[in-house]
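Okay, structure first, notes after.
What follows is calculated from the coordinates using simple rules that are stated; it is not laboratory data. What you see is a predicted model, and the numbers here were worked out from it, not measured in a lab. Heads up, the Cβs are rebuilt from the backbone with ideal geometry, glycines too, and the neighbour counts pull from every protein chain shown.
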């Protein structure tokens, strides 16, 4: 029949990725609880800790990059672990897999959606840092961009990898928070990681968030250059390699059976 | 041929779910795969849909190997999975418009809304839809790309009788449009009413294949049933593989005795008789 039917060219990869991205954005804002936890929580914490530390500029200089680092984690790692689990278990991914939507375009759209949230939060955190907490505009914008990018790739891949371990929707919050809450406490989101007991400091030094916050702090507050952050970059990249390997390895388009 | 399957096998570890299945589906045909749970229906269909890799055998769907997942094939196929999800906060119309954007020549959204029986629900969010309405949305999303071939994996499971009639009407209208449909179902009446041909599958093998009305007859699976009342009014029943000879002898004997055979009937086995016999 196709010989007689006028056929149009198939929509391009970029078009499909863009349409999917816009759908993800729209759906995100329609789900108030997801929007709250993924988006508002870091800003609320910033406001609260900012108020608590308002008399001490040293503490404010710690909390602003700390919350920025936490935002990278919550918008990528936590959000993707939840989303990928939910879409896999609800059967959305399996349905998508049966359409002409290229898998790469679909995954790119989901990743792009997460990264948009990261970018929006960075703008809000840096803006409030300047307006309310006496933290000047980032002295090293290129370094800032580099660390946000490194953090996004690292924690996004770890979030996808975690989703492979989560067996169902109901247990997703337990898995994510079991990692997220200790991670933000140990990694010095709320205090200077240099001030903690040595056994905790040792753990912290092995974790990527500590190094992301170090990098963000250098870019946003102290202004020390990329040259001083090579070891931090090394740790983040090592976790990224681990995250990407497991994100690809365990990937499934279908709900876990039983 | 829309679908050709030769010597298809699928193992999950030690468990051999599909053990050498052969069948073909002609273009424009509604083909039913019938069988109990665990018979291998869904494994077979999901191989044809490109979800699973086969262990052995030859498979062709619209001339493509589905295992390669070519986009050109996915553009021409519509899939209603046994279960699948959709964004909870999307409206029916948005979902259809979005999915229409995946295809080179999609159908009109309003037309598909009408065809799937979703009129009046266009602006409802999917989380507010009933199970039956969600199933109709599954249909609508499978049809929006104007596919030549539609896979329906137990499309009416859990439907109330009225909703099933509605789904049947939709499937009939697909046939009227010249679409090819591969249907799996538990429901024998559904296969009887909709399918041009059915295959009964059990333990990963096709036991019998044919038009629902002819299945069993001649295959030797189930005999003809002859029933009559004898001279004393007692109801007799006899199953036979050779109704011609049996009737000849029966009527000859009755004539010789001067009896009438009240309520004489010869029934062909229904699809249900065949199914129960084969899958018991």
For residues of B:101-110, the mean tally of beta carbons on other chains within 10 Å
4
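Would you mind getting me the FRET efficiency between residue A:120 and residue B:186? Use the beta-carbon distance for r and R0 = 45 Å, nearest 0.05. It would help to have the intermediate numbers written out before the result.
Working: r = 49 Å, r/R0 = 1.09.
After rounding to 0.05, the efficiency reads 0.35.
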Which angle from 0 to 90°, rounded to the nearest 10, does the C-alpha axis of helix B:131-143 make with the longest principal axis of chain B?
70
Taking the simple approach of a point 7 Å from Cα along Cα-to-Cβ for both residue B:119 and residue B:241, what is their distance in nm?
5.4
As a Kirkwood estimate from alpha-carbon pairs, chain A has a hydrodynamic radius in angstrom of 19.3
Taking Cα atoms, how many degrees apart are the long axis of helix A:79-89 and the longest axis of chain A, rounded to 10 and kept between 0 and 90?
30
Pseudo-spin-label distance residue A:224 to residue A:178, built 7 Å along Cα→Cβ, given in nm, is 3.6
Angle check, please: helix B:243-257 long axis (alpha carbons) against the longest principal axis of chain B (alpha carbons), in degrees 0 to 90, nearest 10.
30
Shape call for segment A:79-118 from the C-alpha gyration tensor, a ≥ b ≥ c root eigenvalues: rounded (a/c under 1.5), prolate (a/b greater than b/c) or oblate?
oblate
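Could you work out the equivalent-ellipsoid semi-axes for segment B:89-145, taking the square root of 5 times each eigenvalue of the Cα gyration tensor, largest first, in whole Å?
One finds semi-axes of 17, 11, 9 Å for segment B:89-145.
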Over the alpha-carbon set of segment A:155-228, work out the extent along each principal axis and list the three values in angstrom, largest first.
43, 26, 18
How much length would be gained if the chain were fully extended between residue B:108 and residue B:254, taking 0.36 nm per residue of separation minus their Cα-Cα distance, in nm to one decimal?
46.0 nm
Nitroxide proxy distance, nm - points 7 Å out along Cα→Cβ at residue A:31 and residue B:265:
5.6
For segment B:120-153 and segment B:24-79, distance of Cα centres in Å:
21
Residue B:205/residue A:131 FRET efficiency (R0 56 Å; Cβ-Cβ; nearest 0.05)
0.20
Determine how many Å³ per residue the convex hull of the Cα atoms of segment A:80-189 encloses.
123
Give, in nm to one decimal, the length gained when the segment between residue A:254 and residue A:185 is fully stretched (0.36 nm per residue of separation minus the Cα-Cα distance).
21.4 nm
Gyration tensor (Cα) of the protein assembly as shown, equivalent ellipsoid semi-axes in angstrom
63, 23, 20
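Past the 14 angstrom mark, what percentage of all C-alpha to C-alpha distances in segment B:225-280 do you count?
When every Cα pair of segment B:225-280 is considered, 59 percent fall beyond 14 Å.
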On the formula 1/(1 + (r/R0)^6), with r taken between the Cβ atoms of residue B:177 and residue A:146 and R0 of 60 Å, the FRET efficiency rounded to 0.05 is 0.60
What length, rounded to one decimal in nm, is gained on full extension from residue B:225 through to residue B:165, with 0.36 nm per residue of separation minus their alpha-carbon distance?
18.6 nm
